[in-house]
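J.: Structure in structure tokens, see below.
The values are calculated or read from the model by the stated rules, or taken from the named source; none is laboratory data. No experiment lies behind these values; they were computed from the predicted model shown. Positions of Cβ are backbone-derived with ideal geometry, glycine not excepted, and every protein chain shown enters the neighbour counts. Surface areas here come from the heavy atoms of the whole protein model, side chains and all, with no ligands, DNA or RNA. Shrake-Rupley method; radii C 1.70, N 1.55, O 1.52, S 1.80 Å.
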Amino acid sequence: MAGLRHVRIMRYLMPLREGGSLPGLAEADDGFKYVVKFRGNGHGPRALIAELIGGEVARALGLRVPELVLAELDAAFGRTEPDEEIQELLQNSTGTNVGLHFLAGAITFDPAVTSLDPLEASLIVWLDSFLTNIDRTARNTNMLLWRKELWLIDHGSCLYFHHAWDSWERHATGAFPQVKDHVLLPYATQLAAAGSLALERITPAILDRIVDMLPDAWLQWPENDLRPDGIRDVYKRFLHLRLERSMALTTEADHARQAVV
């Protein structure tokens with residue numbers, strides 16, 4: 001598994017205000033456009049951590065996710081931005097941010113309009129149960145249709161245990177009742193097969209390599225006395241415990257599906 005590419009943000013194009021963390025569309029020095037999540041957002045680097053881990057676990061599972069990059073922002077960037085809120089965000093985001101390759105022309109995926117393979121739907125439900133992703137609902141699907149293929153975006157609401165750090169083990173070993181609100185749950189008719197496939201594709205070693213991609217700069221929290229490697233270790237242990245619960249996650253999701261169909 002290769003690491004993430006580094007790019008340098010050259011031009012801020014526009015805010016994408018539908019995102020709670022105020023992401024923006026930007027152009028980088030490689031000539032491509034990216035949807036950038038800035039470390040100066042209200043949730044701090046945790047939203048970037050969730051984006052990186054969530055996106056790369058989805059990719060390891062075989063699902064389509066736009067390329068993630070580490071997007072560098074110079075200290076002088078944004079000083080001429082007329083919007084004071086955005087200027088403050090950019091100035092507080094100097095250093096490493098996360099970018100998601102912009103899919104030009106993509107449209108929001110609507111499962112009521114476009115049919116989806118049951119196994120793919122089941123894999124996505126399994127993924128979000130595994131990552132405790134509370135934000136793939138009918139109100140906000142966080143899925144795009146691009147070139148007639150389904151792409152997953154915006155995993156910033158995954159791993160919500162890290163907003164209440166001391167309870168990480170309880171969240172790792174607990175149920176995920178929010179799966180009942182998953183937009184694809186009615187279509188996830190192959191959850192057992194998805195769970196088995198996930199255990200073939202995702203291993204503790206793969207999870208460790210994903211967590212090791214996290215920059216040290218995102219892992220220095222004033223309210224936590226752990227060093228970056230200590231914080232990485234908690235993420236690894238959390239994901240390992242979730243993986244051990246794979247069959248239970250599958251059963252929970254299937255029971256929730258039967259209750260709504």
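J.: Among the DSSP beta bridges whose two residues both lie in the chain, what percent are antiparallel, rounded to the nearest 5?
T.: The antiparallel fraction comes to roughly 85 percent.
J.: A further question follows. Length gain on complete extension for the stretch Ser167 to Leu25, per 0.36 nm per residue less the alpha carbon to alpha carbon distance?
T.: The Ser167-Leu25 span can extend by a further 47.7 nm.
J.: Starting from the 7 Å offset along Cα-to-Cβ, what nm value, one decimal, do you get for the label separation of Thr137 and Glu88?
T.: Once both label points are built, they end up 2.8 nm from each other.
J.: Report, in degrees rounded to the nearest 10, the 0 to 90 angle that the Cα long axis of helix 191-201 makes with the longest principal axis of the chain.
T.: Roughly 50 degrees, rounded to the nearest 10.
J.: Set the Förster radius R0 to 35 Å, insert the Cβ-Cβ distance between Asn224 and Lys180 as r into 1/(1 + (r/R0)^6), and round the FRET efficiency to 0.05.
T.: With R0 = 35 Å, the Cβ-Cβ based efficiency is 0.65.
J.: Let me ask another. Can you work out ³J(HN,Hα) from phi for every residue in the range 208-225, in order, using Karplus 6.51 cos²θ - 1.76 cosθ + 1.60 and θ = phi - 60°, giving whole Hz and x for Gly and Pro?
T.: Whole-Hz 3J(HN,Hα) from phi for the range 208-225: 4, 5, 5, 4, 5, 6, 5, x, 4, 4, 7, 10, 10, 10, x, 7, 9, 8.
J.: Which whole-number percentage describes the relative contact order of the chain, with Cα contacts under 8 Å and a sequence gap of 6 or more?
T.: Here the relative contact order equals 20 percent.
J.: Right, here's the next one. Suppose the Debye formula is applied to equal point scatterers at every Cα of the chain; what is log10 I(q)/I(0) at q = 0.10, 0.15 Å⁻¹?
T.: -0.49, -1.10
J.: To continue, here is another question. Taking the Cα atoms only, what angle lies between the long axis of helix 246-260 and the longest principal axis of the chain, rounded to 10 degrees?
T.: On a 0 to 90 degree scale, this one is about 80.
J.: When the accessible area of the range 43-93 is split by element with a 1.4 Å probe, what percent falls to carbon and sulfur?
T.: Of all accessible area on the range 43-93, carbon and sulfur atoms account for 43 percent.
J.: Give me the number: length gained by fully extending Asp74 to Ala248, i.e. 0.36 nm times residue separation minus the C-alpha to C-alpha distance, one decimal in nm.
T.: Working: separation 174, 0.36 × 174 = 62.64 nm, distance 4.55 nm.
Stretched fully, the Asp74-Ala248 segment lengthens by 58.1 nm.
J.: Would you kindly calculate the translational diffusion coefficient of the range 39-173, applying Stokes-Einstein with the Kirkwood radius from alpha carbon pairs, for 4 °C and a viscosity of 1.567 mPa s, and quote it in µm² s⁻¹ without decimals?
T.: Working: Rh = 16.4 Å.
Answer from the Stokes-Einstein relation: 79 µm²/s.
J.: With θ set to phi - 60°, apply the Karplus curve 6.51 cos²θ - 1.76 cosθ + 1.60 along the range 90-105 and write out the HN-Hα couplings as whole Hz, x wherever there is a Gly or Pro.
T.: Karplus values, whole Hz, x for Gly and Pro: 5, 5, 8, 10, 4, x, 8, 10, 10, x, 10, 3, 6, 9, 5, x.
J.: Same structure, new question: Calculate, in nm to one decimal, what Leu13 and Arg237 gain on full extension: separation in residues at 0.36 nm each, minus their alpha carbon distance.
T.: Extra length available between Leu13 and Arg237 comes to 76.8 nm.
J.: Also, I was wondering about something else. Express the accessible area of the range 1-103 per residue in Å², computed with a 1.4 Å probe while the remaining protein chains stay in the model.
T.: Roughly 43 Å² per residue, with all protein chains present.
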